[in-house]
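Values quoted throughout were computed directly from the atomic coordinates according to the rules given, and no laboratory measurement underlies them. Values in this document were obtained by computation on a predicted structure and should not be read as measured data.
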Amino acid sequence: MAKFERHLFVCTNQRDPAAARRSCGYKNSRQLKDAFKDAVKAAGLKGQVRVNDAGCLDQCEHGPVAVVYPEAVWYGFVELGDVKEIVEAHLIEGVPVERLRIVESCLNNSKCPHQMGR
């Protein structure tokens, strides 16, 4: 079997409801992962792009979160309506969807405005 060209991981982590940080699992990320899988299959990318759920990607304040490798493009605040655009623009055309990207200076940065007050 040939290697996949890209991997798309969707955070589906679900913490206890009493946890200080809400997790992507409470923001419909499982449905998001399923929508990505369906869209990848419909686009004829099965075998080229692998969609997986992931545990916590530690970007909870940007959730739901998805990341595409090998480019390491991080998407935040992804909604079901964004799936088709990400598949068509990024996975088919190779052009990341800039409006959904998590700004690099925000990744793993406690000073990111989304992460203040964690």
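Ellipticity at 222 nm from helices only: DSSP H runs of n ≥ 4 in the chain, each -39500 (n - 2.57), divided by the residue count, give -4000 deg cm²/dmol. Close amide-amide hydrogen proximity is noted between residue 53 and 10, each under 5 Å apart and 5 or more residues distant or on a separate chain (H modeled in the peptide plane; Pro and chain starts excluded). Region 99-113 and region 1-64 have Cα centres lying 18 Å from one another.
Karplus-derived 3J(HN,Hα) values for region 24-37, using 6.51 cos²θ - 1.76 cosθ + 1.60 with θ = phi - 60°, are 4, x, 8, 10, 6, 6, 5, 5, 4, 4, 4, 5, 5, 4 Hz; glycine and proline are entered as x.
Over region 1-69, what lengths in whole Å, largest first, do the semi-axes of the equivalent ellipsoid take, defined as the square roots of 5 times the eigenvalues of the alpha-carbon gyration tensor?
Three semi-axes, in Å: 26, 11, 8.
Estimated translational diffusion coefficient (Stokes-Einstein, Kirkwood radius over Cα pairs, 20 °C, 1.002 mPa s) of the chain: 148 µm² per second.
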